[in-house]
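Since the structure comes first, as structure tokens, the remarks are kept for the end.
The values are calculated or read from the model by the stated rules, or taken from the named source; none is laboratory data. Predicted, not measured: the structure shown is a model, and the values here were computed from it. Backbone-built Cβ (ideal geometry, glycine too); neighbour counts: all protein chains shown. All accessible areas refer to the heavy atoms of the entire protein, side chains included, with ligands and DNA or RNA removed. Shrake-Rupley method; radii C 1.70, N 1.55, O 1.52, S 1.80 Å.
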Amino acid sequence: MSATFLYALCRSGSEPALKRDVAVRLGGQLTPAFMRPQLITWKALDGAETSLFDSGFALVAGRTVGKATTVGEVVSLVQAAGITPQRLQVLPREAPEEGVSEETWGRVSTLGRELAEALAVPHGGRASPGETVLDIIVGTVAEPWLVGVRNHRDGAFPDVEELLRVALPEAAPSRAWLKMEQALRWLGKDSALAGATVLELGSAPGGGSLCLLDHGATVYGVDTGAMDPRVLAYPTFHHLRVSAGDLQREMVPRQVDVLASDMNLEPRVVCQYAEKFASRLRPAGLILTLKLNTPQVEASLPTIIDRVRRWAPGPVDVRQLPANRREITLVSWAENDRR
Ligand SMILES: C[S@@+](CC[C@H](N)C(=O)[O-])C[C@H]1O[C@@H](n2cnc3c(N)ncnc32)[C@H](O)[C@@H]1O
């Protein structure tokens, strides 16, 4: 039997965090194989249990099928491996913070079209849990494509290409707009916020709030910092110019549907605030950006997340969004919320 290789893509600069996280989860069962910017592969050792291979630092994670340079080679690999993909994702290996180049997106689109036709599977779109997704990872022009397969699970990004294609609007007061938009799309809630009330801790200058407002939410932004005038111009925005510690019950509406935080405080402290407000307000959704400023904070994350699981409105998922920097996003949504 040939060896099993696994792969994961991550945001630029998160390769060490991804490696560390996989070593903690599956240490002793995997050994790192080749590595390129934003792509790491591992060889599974004999007897390794790899079916749940994943990481919060992975944009995608799966099992390598092989390498190919033509559409015909991809089709042969897929057939030889006995895979029946239900969806196809073609992903640029490198997605720099300033965005993927038009030239690379052009190659991704052409390849996606050709492969979708040759394999008779849809290219892109949001995967449902249980779907078999074929990943084609496209690097430089000279580099063969990495062909991989994975079973889409709850908590993974349903459409990574979609997240990578989201562009920061010129009107956005901060990059936090991108984080909020990507988090909503990950949750599948980007079309579900009309009429919702969101309490955002750490809202200034207002990229995240603007994103929520444009999705039709009413936003209460908590921050001692100034909000951008474009955000203040929305009648559905309310600035609570206090720190989270000074927020009084009567300042906040009775019904809060989503609690968000982007405060630049230690994750442990952010989660303490979130627990306090969530226990009072019972939001259906939770979107917390947790800053990972030191390796110690990164190492403490599993303990913090376990604690959040005790009070969160639903299953807790933690993943680094393409737009995150030294941070990771925790989301939770009540399963009975049909929003
Ligand atoms: C990364 S910025 C937030 C960006 C913002 N979400 C946006 O969309 O533009 C972090 C913010 O957290 C705020 N912050 C830090 N500690 C806070 C606290 N205890 N209560 C409220 N806000 C806090 C800071 O004032 C700062 O504006």
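What value, in deg cm²/dmol to 500, does the helix sum -39500 (n - 2.57) over DSSP H runs of n ≥ 4 give at 222 nm once divided by the residues of the chain? Intermediate results must be reported in sequence, preceding the final value.
Numbers: 9 runs with 102 residues, N = 339.
When only DSSP H runs of four or more count, the value is -9000 deg cm²/dmol.
Find the Rg to Rh ratio for the chain, where Rh is the Kirkwood radius over alpha-carbon pairs and Rg uses the same atoms. If you can, show how the numbers build up before the last one.
Values: Rg = 20.7 Å, Rh = 20.9 Å.
Taking Rg over the Kirkwood Rh, I get 0.99.
For every other residue with a beta carbon closer than 14 angstrom to the beta carbon of R87, add +1 if it is Lys or Arg and -1 if Asp or Glu, then tell me the sum. Don't skip to the answer; put the middle values down first.
On the way: positive: R126, R150, R153; negative: E131, D135, D159, E161, E162.
Overall, the nearby charge balance is -2.
Around the amide H of L91, modelled in the peptide plane, lie the amide H atoms of I136, I137, V138, all under 5 Å away and 5 or more residues distant in sequence or on another chain. Taking the chain as the region of interest, the number of lysine pairs whose Cα atoms are within less than 28 Å, with members eight or more places apart or on different chains, is 11. Counting protein heavy atoms only, the chain has 50 percent of its accessible area on carbon and sulfur, 1.4 angstrom probe. Under the criterion of Cα pairs below 8 Å and six or more residues apart, the relative contact order for the stretch 169-333 equals 20 percent. For the pair the stretch 137-164 / the stretch 68-136, the C-alpha centres are spaced 7 Å from each other. Compared with the dominant Cα axis of the chain, that is its longest principal axis, helix 295-311 is turned about 70°.
Between helix 267-281 and the chain, what is the angle of the helix's C-alpha long axis to the longest principal axis, kept within 0 to 90° and rounded to the nearest 10? Once rounded, one gets 60 degrees.
Cα centroid distance between the stretch 280-339 and the stretch 194-208, in Å? The distance from the Cα centre of the stretch 280-339 to that of the stretch 194-208 comes to 16 Å.
Under the √(5λ) rule applied to the eigenvalues of the Cα gyration tensor, what semi-axes describe the equivalent ellipsoid of the stretch 169-333? Give them in Å, descending. Don't jump to the answer; show the numbers that get you there.
Numbers: eigenvalues 98, 61, 49 Å².
One finds semi-axes of 22, 17, 16 Å for the stretch 169-333.
Add +1 for every Lys or Arg and -1 for every Asp or Glu among the other residues with Cβ under 12 Å from the Cβ of A171, and state the total. Working shown, then result.
Details: positive: R230; negative: E170, D214, D228.
Taking every other residue near A171 into account, the sum is -2.
With every protein chain left in place, what is the accessible area per residue of the chain in square angstrom, probe 1.4 Å?
Accessible surface, normalised per residue, equals 45 Å².
At the listed q of 0.19, 0.25 Å⁻¹, the Debye profile of the stretch 1-99, built from one uniform point per Cα, gives log10 I(q)/I(0) equal to -1.01, -1.40.
Computed over the alpha-carbon pairs of the stretch 5-163, the distance histogram in 10 Å steps reads 11, 43, 38, 9, 0 percent, short to long.
What does the charge add up to near I40, with Lys and Arg as +1, Asp and Glu as -1, over the other residues with Cβ less than 10 Å from its Cβ?
Combined, the nearby Lys, Arg, Asp and Glu give +1.
Working note: Karplus 6.51/-1.76/1.60 with θ = phi - 60° gives the stretch 191-198 the couplings 10, 10, 9, 4, x, 7, 10, 10 Hz, where Gly and Pro are set to x. Rounded to the nearest 10 degrees, what's the angle between the helix 102-119 long axis and the longest principal axis of the chain, both from Cα atoms, 0 to 90? Relative to the chain, helix 102-119 is tipped by roughly 60 degrees. Only the Cβ atoms of Lys and Arg (+1) and of Asp and Glu (-1) were treated as charged; on that basis the dipole of the chain about its Cα centre amounts to roughly 720 debye.
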